[in-house]
Amino acid sequence: MAFISFVQEYFWGFLLATRLTLLLTAVSLALAVVIGLVFAFLKISKNPIANLVAAGYIGITRGMPLIVQLMFLYFGISKLVVLSSFWAGTLALAFHAGGYVAEILRGAIQNIDKGQTEAARSLGMSRRKTMALIVLPQAFRRAVPPLGNQFIIGLKDSTLVAFLGVPELFSKSMTAAAANYRPFETYLMSGTYYLVLVIIFTWLVSKLEKRLSPDRQEATS
Amino acid sequence: MSMIEIKGLQKSFGDLHVLKGIDLTIELGQVVVIIGPSGSGKSTLLRCINFLEFPNEGEIRVNGELIDPKTSNLDKVRQHMGMVFQQFQLFPHKNVLHNITIAPVNVKGMPNKKAVAIARDLLQKVGLPEKEKAWPSQLSGGQKQRVAIARALAMDPDIMLFDEVTSALDPELVNEVLQVMQDLAAGGMTMVVVTHEMGFAKEMADQVVMMDDGLIVEQGTPEQLFENPQEERTQAFLSQVL
Ligand SMILES: Nc1ncnc2c1ncn2[C@@H]1O[C@H](COP(=O)(O)OP(=O)(O)O)[C@@H](O)[C@H]1O
Ligand SMILES: [Mg+2]
């Protein structure tokens, strides 16, 4: 059948491009968590300047279309330093996702009962240790589902760096479709790749969630 | 020298004047029970003693040393004061043993092995030696509160503060917690106990303090306060709770 041979033709090429997609997504999201954590703290801080900086950053990342941010950062960053398109794209995606992650983490941190902090402080723990040992572990645990969501969005958003010339999965499909005049089959195939990644990822997140909540797991079993 | 000496303590939350001038002295080894209607400022007073709240006016001396929230090392001050809360506040992401060892290890820098030995000893004392691997979510309220007491004791405090620690418990679980507190008092621990358990107050208190509307209305021995209350507000309150 024609479709089978079509699949055979592109299977490995797309898989290779998928590796780049995954790498791009993983690195950008890891950076986004670091950026997000920093801005979450700035937003929670009692310092009004820190609050303003955080609000500005989060406002920009959430308020502009991603493709505009990507282009702006790509050409902006490229003016300052010479970066490969991979790194320019990865940093731009991280910048964008960082705003969402910041909001997720801020919410999770602020949702931890104030009594937990008080209990820790009453034991003589410093502010810093209370945050590191008591609040953050619980906040991260609660943030896993929304972070997982954000990661899925990040995976799909990574398609846009095709426009920066990164030869990831979507870019490969555009090139392929232009060459074979079979856009329907081509995008159906790359779309399936993305879908499978999302399904695997969703499964991993639910695994992680269970693993991070040993108490609830045993309590309910 | 008194363990805690409070003079002219005042505390407001915005426009709400909660403590209006508290003078209170707590001697080493004493059990001071604070009673009074809800909203009278009992919790706030307790929280000012370990500086979870900062006073607006007045002085608090701990072991003779005047504490200034702005300049004193409050982490250090709090290390010597245990506190137990109405809502337990065990750390849900740590098992029972880890709840008890986390402060000695991370605050005092105690070797884990030693902290574990102390924690096991304390679990024995509060009657939960078999629960060291349990998660807080697997415990009953009474068990949680006993672990919370053990957690505070693990820092080897000079004084323990109890804020209505049996109020969130089902009635049948109250006694197991009170028993632990009685053992503690009998062992000579200095304690400040906010409670509605008048039986505990009568039996264990060296000093009973009646608070209302941000002030100490009356204080004395349990005999004086329960048998022969001088103030109308004390009489009214006692007639409601006894
Ligand atoms: N953090 C706070 N912010 C605002 N009001 C508070 C706060 N803590 C306590 N209050 C108020 O102070 C009053 C005394 O509270 P509290 O000390 O908890 O009384 P009690 O423990 O005797 O019931 C209450 O009216 C309470 O609403
Ligand atoms: Mg109270």
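Given a 10 angstrom Cα cut-off, can you work out which residue in A:Leu204, A:Leu123, A:Leu105 is the most mobile in a GNM of chain A?
A:Leu123
When a/c reaches 1.5 or more, the comparison of a/b and b/c decides; with that in mind, is the stretch A:2-220 rounded, prolate or oblate per its Cα gyration tensor?
It comes out oblate by the Cα gyration axes.
Can you give the average number of partner chain beta-carbon atoms within 10 Å of each beta-carbon in peptide B:80-86, as a whole number?
If you average over the peptide's residues, the count of other-chain Cβ atoms is 3.
Can you tell me the dipole magnitude for the protein assembly as shown around its Cα centre, using point charges on the Cβ only (Lys, Arg +1; Asp, Glu -1), in Debye to the nearest 20?
So the magnitude is around 2580 debye.
Which value, in Å² rounded to 10, gives the accessible area of B:Val241 with a 1.4 Å probe and all protein chains present?
Answer for B:Val241: close to 60 Å² accessible.
Each residue of the stretch A:103-120 in order: what ³J(HN,Hα) in whole Hz does its phi give by Karplus 6.51 cos²θ - 1.76 cosθ + 1.60, θ = phi - 60°, with x for Gly and Pro?
5, 4, 6, 4, x, 5, 5, 6, 7, 6, 3, 4, x, 5, 4, 5, 4, 5
Which of B:Ile34, B:Ser140, B:Gly64 sits closest to the plus end of the dipole of chain B, meaning its Cα is farthest towards the positive end, when Lys and Arg get +1 and Asp and Glu get -1 on the C-beta?
B:Ser140
May I ask for the distance between the Cα centers of the stretch B:1-60 and the stretch A:84-137, given as a whole number of Å?
34
Which Cα, out of A:Val135, A:Thr202, A:Ala26, lies furthest along the positive dipole direction of the stretch A:2-220 (beta carbon charges, K/R +1, D/E -1)?
A:Val135
Give me a single rounded figure for B:89-96: the average over its residues of other chain Cβ atoms within 10 Å of their Cβ.
Shielding by partners across B:89-96 averages 6.
Need one value: the accessible area of A:Ile200 in square angstrom, 1.4 angstrom probe, rounded to the nearest 10.
Rounded to the nearest 10, that gives 90 Å².
Name the longest site-free stretch of chain B, where the excluded sites are trypsin sites (Lys or Arg not before Pro) in a DSSP loop with no more than 12 other beta-carbon atoms within 10 Å.
The longest uninterrupted stretch comes out as B:134-242.
Return, for the Cα atoms of chain B, the radius of gyration and Dmax in Å, separated by a comma.
Reported Rg and Dmax, both Å: 17.8, 55.
Could you size up the charge dipole of the stretch A:2-220 around its Cα centre, putting +1 on the beta carbon of Lys and Arg and -1 on that of Asp and Glu, and report it in debye to the nearest 20?
Here the stretch A:2-220 has a charge dipole of around 740 debye.
Which residue, chosen from B:Met83, B:Asn99, A:Ser213, occupies the Cα position most advanced towards the positive end of the dipole of the protein assembly as shown, where the dipole is computed from +1 (Lys, Arg) and -1 (Asp, Glu) charges on Cβ about the Cα centre?
A:Ser213
Please enumerate, by chain and number, the aspartates and glutamates with C-alpha under 12 Å from the C-alpha of B:Lys94, excluding those fewer than 8 residues away in the same chain.
A:Asp215, B:Glu132
Enter the accessible area of A:Trp203 (Å², nearest 10), with the probe set to 1.4 Å and all protein chains included.
150
Per residue of the stretch B:85-102, in order, report the coupling 6.51 cos²θ - 1.76 cosθ + 1.60 (Karplus, θ = phi - 60°) as ³J(HN,Hα) in whole Hz, putting x for Gly and Pro.
Each residue's phi maps through the Karplus curve to give 9, 4, 9, 6, 6, 5, 7, x, 8, 10, 6, 4, 4, 5, 4, 7, 8, 4 Hz.
Could you work out the relative contact order of chain B? I mean the mean sequence separation of Cα pairs under 8 Å and 6+ apart, divided by the number of residues, in percent.
27
As a quick test, which of the pairs A:Lys114/B:Lys20; A:Lys114/B:Lys11; B:Lys7/B:Lys125; A:Lys46/B:Lys133; B:Lys76/B:Lys144 have an alpha carbon distance above 29 angstrom in this structure?
B:Lys7/B:Lys125; A:Lys46/B:Lys133
Normalised by the residues of chain A, what does the relative contact order come to in percent, with Cα pairs under 8 Å and at least six apart?
Here the relative contact order equals 26 percent.
The values are calculated or read from the model by the stated rules, or taken from the named source; none is laboratory data. Just so you know, these numbers come straight off a predicted model, no measurement behind them. Here the Cβ is made from the backbone with ideal geometry for all residues, glycine too, and neighbour counts use every protein chain on show. Note: accessible area is taken over every heavy atom of the protein model, side chains too, but ligands, DNA and RNA are not part of it. Shrake-Rupley method; radii C 1.70, N 1.55, O 1.52, S 1.80 Å.
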